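Heads up, the thing below is written out as structure tokens.
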């Protein structure tokens, strides 16, 4: 069971990251879905709850009495302690038993999937621990969380592979359907019907999944498909699409070119831009291997684009992919302040990343995105690469 | 448009709560859905983003360039400023223009729907504002958020009414379907099919919505319907059910009694417990009016239960109901540490609460939950009260 695999992984990561205890402190997880909870707890809670992993092997959950059944049913925590009115007593008792020198909490300035603890709840924890020695032993569990999330188990990789496979089937269906006259909105609706047909969820909220861009007048960015912008001959059609299967995501961009009467293929500027994007992904993949730092991989791809005379893409080359589309941890991005320390971290075996970038042209945006798995010696493409524009 | 209604309400609440500026500071809102964002922004963002409401009427959104379209499309923010690499410059410039003496942030020790800011993001904000006078002007916007969320507009109340109406239709369908031999899981699956039929979502995750309990051996609490526990003659059947329509929730509990051969109704102990629960809700509703404090309403209902010789229910009498099933703000609960200051707050016109409690019996749990709207003089039941056990 995946939950147990990840819990065992977390246990091993305590020693590796120098933590005596990992404490997930959460409440109302439907409103505040701490990314740590989905990794190792697997059930929501309402009232203040504490999930402790001790370096010595202890696993203790302290939750409201009405939440104990659901937590116990998952079987991850050997001890599930219920309370009614106040978590303070059982929490302090558990800490006294473990007596950890360091207690890692789920917060991070940079890594969003390691930042599940809300600020108010952090203040509450300060109150609960006030007057105890544990107050000064709190630290960030971000290094543990980044590795726990980033090092995908074979079960996790299999799920991502399945999500990629379904995405590729949908891309084939789009190829059969695409034609001049369709609005971006209509093409998105076609994809939504395919989600239902394949029994999958969109990887991000449906109103913006897929992103559809046709021609040079389309609105780029994280936006919604237009009702009025329609596919025309001479357009590049660009789709950014992801699905979620058994909790794991794909995230891919694919491209079509709609020929004008008499055209055998796209104009030269489109061809050159497309080729540059493909070569930039080649360069990123070539650089991607265990030990390399995130910004180095980004730089390899970025230099292909800049050398080609194009503007730099305004985002990182790749992000982690897993339970979340933006799965946190190491980021393959430039050293911009908005990315913080995520781009300084080293790539590890078992990481799954996107490799993605775009270049604007007079026929519309050229953008591609592939999904890759880091192996011992480099990387493996989980998606079947797009190396040619699909002609319509 | 509801988003604009709530934004106008927020603007007015700045003066009322003594804030010069309300700042929602968020990122990756799909992973960290700040409850402030859904109230007044209405679109997700990826990179560090700031949404400012100034007491003088300013409304400024600062988001990554690829997020500007979606935010602009909602029309709430008069200024939408895009950035690529670093939010610091545009954020400081906006604060310098507004020069607020107080800046309210989305955090609260007690109120979960006012606690959207993560701790890591709070630390990042400290870094961004370091060396500026704004660092010392940060405070909690919890009073604003509690009122914004708690004072439902007529649009919001209408949506909750519709959710309640569909829930009541599903309860009627359950009455036609319920029979000995059905497992809790089978009855839950019947309800799931009704969700699809009515085109509604469950108000909380499907695996635990509805909660189904039949007979004395059923597992109580926030748990999953059992495959092996089946309805038998002599059982109380209890369902806790909510649906979401246009983003707003219902949350109700309903009861059936399955007669044994020859029985005309439930045994005397069940009758007495059911009557006590009804009278406790009567007492809570009687106490519920603007100005009364949360714990006072809870106490009115609780004393009926205790006076009846039953054990106290191990939760508050009622919680706010709206976008979230547990909608935060004022809580109608006892003065237990786990509820913090939420139960000290005063009830206001336009608040929507549940009134709910349970009593265990030898035939299963008796539990009822109604949804009520606070009016100028008292409260109005949005749900059609259950005053008799439904006999099967």
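A viscosity of 0.890 mPa s and a temperature of 25 °C, combined with the Kirkwood radius over C-alpha pairs in the Stokes-Einstein formula, give segment A:268-369 a diffusion coefficient of 180 µm²/s. Counting only alpha carbon atoms, the long axis of helix A:268-287 and the longest principal axis of chain A meet at about 30°. Here segment A:98-143 has an Rg and Dmax of 10.9, 31 Å, counting Cα atoms alone. Computed from the Cα positions only, the extents of chain A along the three principal axes stand at 79, 40, 33 Å, in decreasing order. Taking 7 Å steps out from each Cα toward its Cβ at residue B:198 and residue B:377 produces label points 3.1 nm apart.
The rotation axis taking chain A to chain B passes closest to the C-beta of one chain A residue; that residue and the distance in whole Å read A:119, 2. Inter-copy label distances at residue A:173, using a point 7 Å along Cα-to-Cβ, come to 2.6 nm with the shortest given first. Could you work out how far the C-alpha centroid of segment A:85-164 sits from that of segment A:350-380, in angstrom? Taking the Cα centre of each part, segment A:85-164 and segment A:350-380 sit 32 Å apart. Note on A:148-159: average number of Cβ atoms from other chains within 10 Å of each residue's Cβ is 0. The equivalent ellipsoid that matches the C-alpha gyration tensor of segment B:120-268 spans semi-axes of 44, 18, 14 angstrom, in descending order.
Mind giving me the FRET efficiency for residue B:78 and residue A:335? R0 is 22 Å, r the Cβ-Cβ distance, nearest 0.05 is fine.
Numbers: r = 33 Å, r/R0 = 1.52.
Given R0 = 22 Å and the Cβ-Cβ separation, E is 0.05.
The gain in end-to-end length when the residue B:271 to residue B:307 segment is fully stretched comes to 11.3 nm, 0.36 nm per residue minus the alpha carbon separation.
Note on the protein assembly as shown: the alpha carbon radius of gyration divided by the globular reference 2.2 N^0.38 Å gives 0.98.
Per-residue Cβ neighbour counts within 10 Å put B:112, A:292 in the sequence A:292, B:112, beginning with the fewest.
Go ahead and run the numbers for FRET between residue A:102 and residue A:12, Cβ-Cβ distance against an R0 of 22 Å, rounding to 0.05. So, using R0 = 22 Å, E works out to roughly 0.85. Each of B:156, A:388, B:370 was scored by other Cβ atoms within 10 Å of its Cβ. Arranged with the fewest first, they read A:388, B:156, B:370.
Counting other Cβ atoms within 10 Å as a rough exposure proxy, the listed residues A:278, A:270, B:212 run A:278, A:270, B:212 from fewest neighbours to most. For segment B:182-314, the Kirkwood estimate of hydrodynamic radius, built from reciprocal distances between every pair of different alpha carbons, is 16.7 Å.
Highest average first, the peptides B:48-59, B:327-338, A:194-205 ordered by how many other beta carbon atoms sit within 10 Å of their residues are B:327-338, B:48-59, A:194-205. For chain B, the longest principal axis of the alpha carbon atoms and the long axis of helix B:2-16 meet at an angle near 70°. Could you let me know the centre-to-centre spacing of segment A:214-274 and segment A:278-307, using Cα atoms, in angstrom? Comparing the Cα centres of segment A:214-274 and segment A:278-307, I get a distance of 23 Å.
For residue A:227, the distances from its label point to the matching points in the remaining copies are 4.7 nm, ordered from shortest, with each point set 7 Å beyond Cα toward Cβ.
Dividing the summed helix terms, -39500 (n - 2.57) for each DSSP H run of n ≥ 4, by the number of residues in chain A produces a 222 nm estimate of -10500 deg cm²/dmol to the nearest 500.
By DSSP, the beta bridges lying fully in segment B:151-391 are antiparallel in about 95 percent of cases. Partner shielding of B:120-130 amounts to 5, given as the average count of beta-carbon atoms from other chains within 10 Å of each residue beta-carbon. Averaged over peptide A:56-66, how many Cβ atoms belonging to another chain are found within 10 Å of each residue's Cβ? What the average comes to for A:56-66 is 2.
You can think of it this way: the chain between residue B:172 and residue B:3 has 57.5 nm of extra reach, that is 0.36 nm per residue less the Cα-Cα gap. Counting only DSSP beta bridges whose two residues both lie in the protein assembly as shown, roughly 75 percent are antiparallel. Each principal axis of segment A:2-149 carries a Cα extent, and these read 36, 35, 29 Å when sorted largest first.
Restricting attention to segment B:2-149, close to 50% of DSSP beta bridges with both partner residues there are antiparallel. Against chain B, whose longest principal axis is taken from its Cα atoms, helix B:294-307 shows a tilt of about 10°.
Take residue A:57, move 7 Å from Cα toward the beta carbon, and the resulting point lies 6.9 nm from the same point in each other copy, nearest first.
Laboratory data are not the source of any read-out in this text; all were calculated from the coordinates shown. These numbers were taken from a predicted model, which means no experiment stands behind them. Note that we place each Cβ from the backbone using ideal geometry, even for glycine, and neighbour counts take in every protein chain shown.
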